[in-house]
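Chemist: Attaching a single structure in structure tokens format; questions to follow.
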Amino acid sequence: MLKIQRLLLIAPTEMIRTPAFERAQALANATGAMLHIVAFDYVNALAVAGLFDHDAMTQAREGYLQVHRHWLEQQARLERCKVGQVTTEVVWARLSPAHVLEYVNDFYPDLVIKDMQPVPALDRVFHRPLDWLLLRDCPAPLHLVIRAENPRPLKILAAIDLSHLEALTQGLNERILDLASTLATSCGATVHLLNVSNWSVVGDTVTSVPTSSLDDSLRDAVNDAQQEAFDLLAERYGVEQKHRHQLAGIPHQVIGHFARRNVFDMVVLGTACRHGVEVVVGSTAENLLHHPPCSLMLVKPPAEAG
């Protein structure tokens, strides 16, 4: 079982208590991990004023940040009533991928928690949103929260991918199940296991094709191999028979529909995005990010996380 000892909550710039606060507190309480809350705050008007009067700007900035620090510390006091070790920091910087990733790399969290930020489709045409960039580059598992009716998750869906070569996924399915099982044990939650078939890697190239396009014998062999791998993983992680699901279709559509219909609190899935290369494994996570059925827990292969 994984050890979760350090949680990092990326608080919104606005001084508001969001679902990510509730989820972070619940996970810290369940796992016994320490919780660190950081907020990035930056007022452009104060920065511009500093060009003309540096001392006055510094004083104004410190006064502004002190208000934010006081508010964040109040939230930490609420957490400490139930959690234990909670620390806070307000950083004078924009909430940008570069600043967030630098902070994450310095802090070495076991899990990064953040509210998901919906981005209109038109905006995504012109720039990549912060959540997508964190999905690609964050070295730690990334939990994007959209709601927290159950702050301590009760139903967790582990969505694995058995349609790719093991060399491509680098043990990603095991990492997904390790994290899902650890969280379920800590929170007293139920784990469901889902594999969406109908896709397979054929040959030595990183190419996926619908199994419906294969001849019958090859399709049967692919399905048998996936079934065997699915059963082995389910047995290894103690997933009950009634909580094992194998469905066919386009992965992100099937996962989204299944998670909504069964009201899961969290979907744990993998992303294997690589710089300069489009990797099929990452596209499912990206599509779910645009139309999330519930909160998402995004996991990378061990080689990328380390």
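Chemist: Among the residues of segment 60-102, which ones are within 20 Å of ALA28 (Cα to Cα) and touching a Ser or Thr at 6+ places or on another chain (Cβ under 6 Å)?
Modeler: Residues satisfying the conditions are LEU72, GLU73, ALA76.
Chemist: Looking only at segment 23-39, count how many residues are buried (at least 24 other Cβ atoms within 10 Å of the Cβ) and either outside the structural domain of GLU73 (by TED's automatic domain parsing) or touching a Cys at 6+ places or on another chain (Cβ under 6 Å) (or both).
Modeler: 0
Chemist: When the residues of segment 239-272 are filtered to those that are in a loop (DSSP other than H, G, I, E, B) and more than 21 Å from the chain's Cα centre (by Cα), which remaining residue is surrounded by the most Cβ atoms within 10 Å (Cβ to Cβ)?
Modeler: Only one residue fits best here, namely VAL239.
Chemist: Name the residue, out of MET116, MET57, that is surrounded by 16 or more Cβ atoms within 10 Å (Cβ to Cβ) and modelled with pLDDT under 75.
Modeler: Values: MET116 fails: modelled with pLDDT under 75.
Selected residue: MET57, the only one of MET116, MET57 that is surrounded by 16 or more Cβ atoms within 10 Å (Cβ to Cβ) and modelled with pLDDT under 75.
To keep it simple, each residue is scored yes or no on (1) at pLDDT 80 or above; (2) outside any helix (DSSP H, G or I).
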| position | (1), (2) |
| --- | --- |
| ARG152 | yes, yes |
| LEU162 | yes, yes |
| LEU168 | no, no |
| ALA184 | yes, no |
| LEU194 | yes, yes |
| GLY203 | no, yes |
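Chemist: Of the conditions (1) in a helix (DSSP H, G or I); (2) at pLDDT below 95; (3) more than 25 Å from GLN253 (Cβ to Cβ), VAL125 satisfies every one except a single condition; which number is it?
Modeler: (3)
Chemist: Right, here's the next one. Filter segment 1-15 for residues that are over 17 Å from the mean Cα position of the chain (by Cα) and of a type in the set (A, V, I, L, M, F, W, C); which is farthest from ASP131 (Cα to Cα)?
Modeler: MET1
Chemist: Additional query: Applying the selection to segment 24-44, what residues are of a type in the set (Ser, Thr, Tyr) and either modelled with pLDDT of 95 or more or part of a helix (DSSP H, G or I) (or both)?
Modeler: The one that is of a type in the set (Ser, Thr, Tyr) and either modelled with pLDDT of 95 or more or part of a helix (DSSP H, G or I) (or both): THR31.
Chemist: Can you list residue pairs whose Cβ atoms sit under 8 Å apart, with the first residue in segment 14-31 being over 15 Å from GLU149 (Cβ atoms) and free of Cβ contacts under 8 Å to residues at least 60 places away in the same chain and the second being among the polar types (S, T, N, Q) and assigned to a helix (DSSP H, G or I)? Count only pairs 6 or more apart in sequence or on different chains.
Modeler: Close Cβ pairs (under 8 Å, with a partner that is among the polar types (S, T, N, Q) and assigned to a helix (DSSP H, G or I)) amount to ARG17/GLN75.
Chemist: Here's a follow-up. Could you identify the single residue in VAL239, VAL209 that is at pLDDT below 95, closer than 27 Å to PRO293 by Cα and assigned by TED's automatic domain parsing to the domain that holds ILE176?
Modeler: Just a single option satisfies the conditions, and that option is VAL209.
The values are calculated or read from the model by the stated rules, or taken from the named source; none is laboratory data. Please read all numbers here as calculations on a predicted model, not as lab measurements. Counting neighbours? That spans all protein chains shown, and the Cβs are built from the backbone with ideal geometry, glycine included.
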